[in-house]
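The values are calculated or read from the model by the stated rules, or taken from the named source; none is laboratory data. Quick caveat: nothing in here was measured; it's all calculated off a predicted structure. In this analysis, Cβ positions are derived from the backbone assuming ideal geometry, glycine residues included, and neighbour counts consider all displayed protein chains. For accessibility, only protein heavy atoms count, side chains too; no ligands or nucleic acids. Shrake-Rupley method; radii C 1.70, N 1.55, O 1.52, S 1.80 Å.
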Amino acid sequence: MPLTSLLPASWQQSWRKREVLDTYVFPVQGPRPEADPSRTLEDATEAVLDQMRRDYPDDLNERKHRLLVERLQHPADRTLVIRDEHGEPCGYCHLTYGDTENARIHLRLRVSPREAYFWDDHVFVAHRRRGLHAFSIARRLELLAEEGRVQGVTMISRKNTASRASYAAFGARRTRQHVFLKDRGRTLTVPTWVEIPAR
């Protein structure tokens, strides 16, 4: 039975504008690409975020810069800066160590004490296709191993094929799928065995 047949008729238009996202889990320990030791992942500071705003204004607009600065005050969230082998800040990524919310799709996420949530990964356009995103995943997993955590969790939009490929290299396994109905501001979570096309 198609999932759409379970929705009220008034929701059919909303369904056509849906975005599909998937939750993945992946092991901290296990076969995976190693983090390049010539690159670094460091905790963000307001000064470094200001520098990135000046150097990459098209990648880091004023609104996003302000959000990143605000996140520095959240004790469960860790904002990290990705630096390449030359020490250049090339992007940012995050870890969260407790239950959180994907505010964009209005969905609460449970994160156990043995897990950490990977989110809002971004490599600036000029530095893409250099393996920096994969490096940021590998290095975060090393950090989690040092802390005794056993599993990473992330959520990726179905249309974001690049991120899906990056996390697949680390053994990411889909556990849930979510349908965000944009014009209703609602997200439906369904089992992985239900087939939901991205469009």
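Restricting R114, R108 to residues that are out of contact with any Cys (no Cβ under 7 Å at 6 or more places or on another chain) and under 24 Å from F180 (Cβ atoms) narrows the list to R108. Restricting attention to segment 157-190, the residues that are under 14 Å from the mean Cα position of the chain (by Cα) and in a helix (DSSP H, G or I) add up to 8. Within segment 127-156, work out how many residues are open to solvent by 20 Å² or more (accessible area, probe 1.4 Å) and part of a strand (DSSP E or B). Residues meeting the conditions: 2. Screening D58 against (1) within 27 Å of Q177 (Cα to Cα); (2) acidic (D, E); (3) in contact (Cβ under 8 Å) with a residue 24 or more places away in the chain leaves a single unmet condition, (1). Return the only residue of S112, S157 being without any contact (Cβ under 8 Å) to a residue 60 or more places away in the chain and of a type outside the set (K, R). Just one listed residue meets the conditions, S112. Could you tell me which residue of segment 157-198 is surrounded by the most Cβ atoms within 10 Å (Cβ to Cβ), considering only residues that are more than 14 Å from L21 (Cβ to Cβ) and not hydrophobic (A, V, I, L, M, F, W, C)? Selected residue: S166.
Residues in segment 75-111 that are under 17 Å from the mean Cα position of the chain (by Cα) and outside any strand (DSSP E or B): A76, Y97, G98, D99, A103, R104, I105, H106, R110, V111.
The residues in segment 33-74 that are touching a helix residue (DSSP H, G or I) at 6+ places or on another chain (Cβ under 7 Å), part of a helix (DSSP H, G or I) and surrounded by 16 or more Cβ atoms within 10 Å (Cβ to Cβ) can be counted, and the count is 5. Of the residues making up segment 85-119, those that are aromatic (F, W, Y) and open to solvent by 30 Å² or more (accessible area, probe 1.4 Å) are Y97, W119.
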